[in-house]
Amino acid sequence: MLSLLADFIGELRAAGIPVSMSEHVDAARACEVIDLADRGSLRTALAATLVKDGGHLPAFDAAFEVFFALREPPAPAEGEAQAGHLGQPARDQRGTRIGPLAQPVADATGDGQH
């Protein structure tokens with residue numbers, strides 16, 4: 001979850017929302033005490049810890065809706081367990097991550113995998 005949170009915060013920063021290291025830590029701590037499967041609780045916890053200016057809330061909402069989009073999980077490959085997909089970054093048909101403003105975002109590893 002920490003890697004996913006760091007990726008989400010990167011998306012917020014790319015959208016112009018300043019997020020400090022202490023806010024990042026606060027968000028991580030909040031995620032430790034909520035039910036991560038409850039999308040509403042996750043949104044509320046992240047908004048409360050990461051958004052300090054009400055003017056940034058629309059950009060946060062857009063980023064959250066894309067980054068934590070509910071999707072049908074793909075069929076698992078032969079011999080591969082199926083993972084949950086709440087909280088997985090949205091990807092286009094080529095597998096490239098899609099940022100909150102529907103612009104492709106390159107993975108830090110460059111291999112398209114997390």
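Here are a few things to note about the model shown:
- Among residues of the range 34-60, those that are in contact (Cβ under 8 Å) with a residue 12 or more places away in the chain and either hydroxyl-bearing (S, T, Y) or in a helix (DSSP H, G or I) (or both), counted: 12
- Which numbered condition A83 misses (of (1) modelled with pLDDT of 90 or more; (2) of a type in the set (G, A, S); (3) loosely packed, with under 15 Cβ neighbours inside 10 Å): (1)
- Some residue of the range 59-66 being aromatic (F, W, Y), at pLDDT below 95 and in contact with a Gly (Cβ under 6 Å, 6 or more places away or on another chain): no
- Members of the range 49-64 found to be more than 16 Å from L36 (Cβ to Cβ) and either among the hydroxyl-bearing types (S, T, Y) or exposed (fewer than 14 other Cβ atoms within 10 Å of the Cβ) (or both), listed by number: K52, D53, G54, G55, L57, P58
The values are calculated or read from the model by the stated rules, or taken from the named source; none is laboratory data. What you see is a predicted model, and the numbers here were worked out from it, not measured in a lab. Methodologically, a virtual Cβ is constructed for each residue, glycine included, from the backbone with ideal geometry; neighbour enumeration extends over all protein chains shown.
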